[in-house]
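Everything on this sheet refers to the single structure shown next.
Each value in this text was obtained by applying a stated rule to the coordinates, not by laboratory testing. Quick caveat, the model's predicted, so the values are computed rather than measured.
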Amino acid sequence: REAPIPKMLAPCLLRRAILTVPLVFVVALLVTEPVRADQEAGTAIPAESRPCVDCHAFEFMQRALQDLKKTVYNLDTR
């Protein structure tokens, strides 16, 4: 013969979980501060005025080549 408590415990725990999860979600929403539209995004630069990633890579490679040319010239002069 099985004990009646475990059979009754499962639906009780399920009901408690069904009630607890939305409650925790609502409390989390109430605790967090909403983001306002008038808040500034800091010093973010608009995407239209930012150079693309390829441009950054090109500039980096140009500087690296200039440094290599200087190093080669310095080695040649020694």
Added length on full extension, which subtracts the Cα-Cα distance from 0.36 nm per residue, LEU14 to PHE58: 9.9 nm
Whole-Hz couplings from phi, Karplus 6.51/-1.76/1.60, listed for the range 64-78; x for Gly and Pro: 5, 5, 4, 5, 5, 4, 5, 5, 4, 4, 5, 5, 5, 6, 6
